[in-house]
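The values are calculated or read from the model by the stated rules, or taken from the named source; none is laboratory data. Since the model is a prediction, treat every value here as computed from it, not as a measurement. Note: ideal-geometry Cβ built from the backbone for every residue, glycine included; neighbour counts use all protein chains shown. Only protein heavy atoms, including side chains, enter the accessible area calculation; ligands, DNA and RNA are left aside. Shrake-Rupley method; radii C 1.70, N 1.55, O 1.52, S 1.80 Å.
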Amino acid sequence: MSGRCIRPARPEDLGAIMAVLDAAKGIMRASGNTGQWVGGYPSEEAILGDIAAGGGYVVADNGKPVGYFAFLPSPEPTYGKIYGGEWLDDALPYHVVHRIGSYPEVHGVFASIMDWCFEADPNIRIDTHRDNLIMQHNILKHGFSYCGIILLASGDERLAYQKIKAGKE
């Protein structure tokens, strides 16, 4: 993991980012998650939107992109209503992490992303598909609490989580 860095994504990274996300789709499909990231999602337009908003990030090992994620400030429109639970705190500003992907042979990317994100904001929300057991495992392993179900703009449900990190650990 030496030589790993996280940096803002640039439009010229788009090809490398899409390759990472395609590999992540392969991981999903191989683990039985066939309902997430379908129909061309995440699209090049979505990634360019993250980049334009200043929220697209590349995880690089020795300069080579091996992961991608979006880190965007609140409010997240789909988090306005939560079903079957509640957010840990619904008043504080937060960041949301979306579109995490990495190559299957590269390990520790989720941990690197979370370490970086919690340095930027102690209040993070994240969601994932019910069939994405790998992501659920990583989310819970990193201390997030399950908060309930949110609905995407499409009406699809996602399991929603939040972690508020107290001070410096």
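Data for the structure
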quantity	calculated
Portion, in percent, of the accessible area of segment 11-169 that falls on carbon or sulfur, probe 1.4 Å	56
Longest exposed-site-free window of the chain, the sites being trypsin sites (Lys or Arg not before Pro) in a DSSP loop that have at most 15 other C-beta atoms within 10 Å	1-80
Helix-only CD estimate at 222 nm, as mean residue ellipticity for the chain, using -39500 (n - 2.57) per DSSP H run (n ≥ 4)	-8500 deg cm²/dmol
Fluctuation leader among His95, His129, His107 - the chain, Gaussian network, Cα springs under 10 angstrom	His107
Selection from Asn123, Leu133, Tyr103 lying farthest towards where the dipole of segment 94-134 points positive, charges on Cβ	Leu133
Accessible area (Å², 1.4 Å probe, nearest 10) - Ser31	50
Candidate aspartates and glutamates - alpha carbon under 16 Å from Lys163, same-chain residues fewer than 8 apart omitted	Glu76, Glu86, Asp89, Asp90, Asp115, Glu119, Asp121, Asp127
Residue among Asp131, Asp156, Asp121 with the largest mean-square fluctuation in a Gaussian network model of the chain, springs linking Cα atoms under 10 Å	Asp156
Total charge dipole magnitude, the chain, about the Cα centre, Cβ charges on Lys, Arg, Asp, Glu only, Debye to nearest 20	280
Per residue solvent-accessible surface (Å²) - segment 1-115, probe of 1.4 Å	48
Those lysines that a straight Cα-Cα span of less than 22 Å connects to Lys64, excepting residues fewer than 8 apart in one chain	Lys25
Relative compactness, the chain, computed as alpha-carbon Rg over 2.2 N^0.38 Å	0.98
Stretch gain in nm, segment Glu45-Ala111, where the contour uses 0.36 nm per residue and the Cα spacing is subtracted	21.1 nm
